[in-house]
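The structure appears right after this line, and notes come after that.
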Amino acid sequence: MSEYETKPGVRMPKPEDNRPKRFYTAVSIAEGEGGWRVQLDGRSVKTPAKNLLQVPTAALAELLAAEWDAQGERINAPAMPANRLCFVAIDLMGDAHDATVAEVTRYASTDQLCFRAPDPADLVAAQAAAWDPVLDWAKKALGVELRSGTGVLPIDQDAAALQAIHARASALDIWRLTALAHATAVCSSAVLGFALLEGERGGEAVFALSTIDEAYQIAQWGHDEEAAQRLALLKTELVAAERMLRALDAS
């Protein structure tokens with residue numbers, strides 16, 4: 001018997017049974033006044049708040065359309081990360097812009113890259129090798145110099161550095177700010193969020209940099225299935241944010 005059968009021929013509902021059925025056949029994109037739209041059987045997609053799903057570039061519309069086209073018999077929303085990011089941008093970011101900028105700045109004040117392990121020596125070395133070059137990049141490219149230290153005690157970051165983060169985030173449009181904020185939260189690092197935004201690092205690279213500690217633990221103690229699933233989800237989210245950003249950059 002399968003895990004969903006109580007006895008032969010009697011099946012319990014599967015989690016995916018609660019997902020909406022696919023109601024469309026053809027997926028396409030179309031240019032409209034003010035942007036590009038995703039269409040399902042010729043009808044434009046709406047966001048959860050009933051706004052039109054319209055994006056600035058054809059490349060981004062194609063990315064969104066590909067997620068719709070990849071759906072099977074039932075629609076799996078968690079498997080559509082780029083669409084979810086665009087829904088947030090359209091439905092929420094207009095009103096949440098200032099709060100989101102403040103949140104990114106708060107992440108910078110407690111940036112993961114600045115909190116180093118005091119030991120063991122191989123983890124200390126791994127963190128330094130991975131994170132120091134990114135902090136150096138932030139200093140040169142962003143004008144943001146963040147201090148690092150060992151342990152978990154708060155670090156008093158330079159106000160000028162945090163102001164620079166705030167100013168850069170404030171200048172972003174709703175699309176890029178949404179992607180930046182999401183990547184920052186996933187990584188617990190505004191520096192890594194900006195590295196992804198600026199194309200300094202890709203989604204997989206940012207994921208690897210943000211999970212140095214987890215990789216070390218796996219190397220020491222072995223594979224854990226639940227942890228592996230969580231990490232795979234985080235990687236997917238960062239790759240989706242990267243694809244969204246690069247699609248926004250496309251002419």
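Taking only segment 220-238 into account, find how many residues are within 22 Å of Ser189 (Cβ to Cβ), free of Cβ contacts under 8 Å to residues at least 12 places away in the same chain and among the charged types (D, E, K, R).
Counting residues in segment 220-238 that are within 22 Å of Ser189 (Cβ to Cβ), free of Cβ contacts under 8 Å to residues at least 12 places away in the same chain and among the charged types (D, E, K, R) gives 1.
Determine whether segment 166-185 contains at least one residue that is within 18 Å of Ala250 (Cα to Cα), touching a Pro at 6+ places or on another chain (Cβ under 9 Å) and assigned by TED's automatic domain parsing to the domain that holds Ala141.
Among the residues of segment 166-185, at least one is within 18 Å of Ala250 (Cα to Cα), touching a Pro at 6+ places or on another chain (Cβ under 9 Å) and assigned by TED's automatic domain parsing to the domain that holds Ala141, which makes the answer yes.
Considering only segment 136-154, state which residues are surrounded by 18 or more Cβ atoms within 10 Å (Cβ to Cβ) and either part of a helix (DSSP H, G or I) or at pLDDT below 95 (or both).
The answer is Ala138, Leu142.
Residues of segment 214-226 being exposed (fewer than 13 other Cβ atoms within 10 Å of the Cβ) and either in contact with an Asp or Glu (Cβ under 7 Å, 6 or more places away or on another chain) or under 23 Å from Phe115 (Cβ atoms) (or both), which ones?
Answer for segment 214-226, where residues must be exposed (fewer than 13 other Cβ atoms within 10 Å of the Cβ) and either in contact with an Asp or Glu (Cβ under 7 Å, 6 or more places away or on another chain) or under 23 Å from Phe115 (Cβ atoms) (or both): Ala219, Gln220, Trp221.
Just to be sure, is Cys114 in contact (Cβ under 8 Å) with a residue 24 or more places away in the chain, under 30 Å from Ala66 (Cα atoms) and in contact with a strand residue (DSSP E or B) (Cβ under 8 Å, 6 or more places away or on another chain)?
no
If we scan segment 96-115, do we find a residue that is out of contact with any Leu (no Cβ under 6 Å at 6 or more places or on another chain), in a strand (DSSP E or B), surrounded by 13 or more Cβ atoms within 10 Å (Cβ to Cβ) and of a type in the set (A, V, I, L, M)?
No: zero hits.
All but one of (1) of a type in the set (Lys, Arg); (2) more than 19 Å from Leu172 (Cα to Cα); (3) part of a helix (DSSP H, G or I) hold for Arg37; which doesn't?
(3)
Pick from Gln127, Gln163, Gln157: which is surrounded by fewer than 22 Cβ atoms within 10 Å (Cβ to Cβ), part of a loop (DSSP other than H, G, I, E, B) and modelled with pLDDT of 95 or more?
From the options Gln127, Gln163, Gln157, the qualifying one is Gln157.
Would you mention how many residues in segment 216-248 are among the small types (Gly, Ala, Ser) and closer than 14 Å to Gly202 by Cα?
3
Every residue in segment 69-95 that is part of a helix (DSSP H, G or I) and of a type in the set (A, V, I, L, M, F, W, C), please.
Ala77, Ala79, Ala82, Leu85, Cys86, Phe87, Val88, Ala89, Ile90, Met93
Working only within segment 237-251, note down all residues that are surrounded by 20 or more Cβ atoms within 10 Å (Cβ to Cβ) and touching a Gly at 6+ places or on another chain (Cβ under 8 Å).
Leu238, Ala240, Ala241, Glu242, Arg243, Leu245
The values are calculated or read from the model by the stated rules, or taken from the named source; none is laboratory data. Note that the structure is a prediction, hence the values are computed from the model and not measured. Cβ coordinates were reconstructed from backbone atoms using ideal geometry, including for glycine residues, and neighbour counts include every protein chain displayed.
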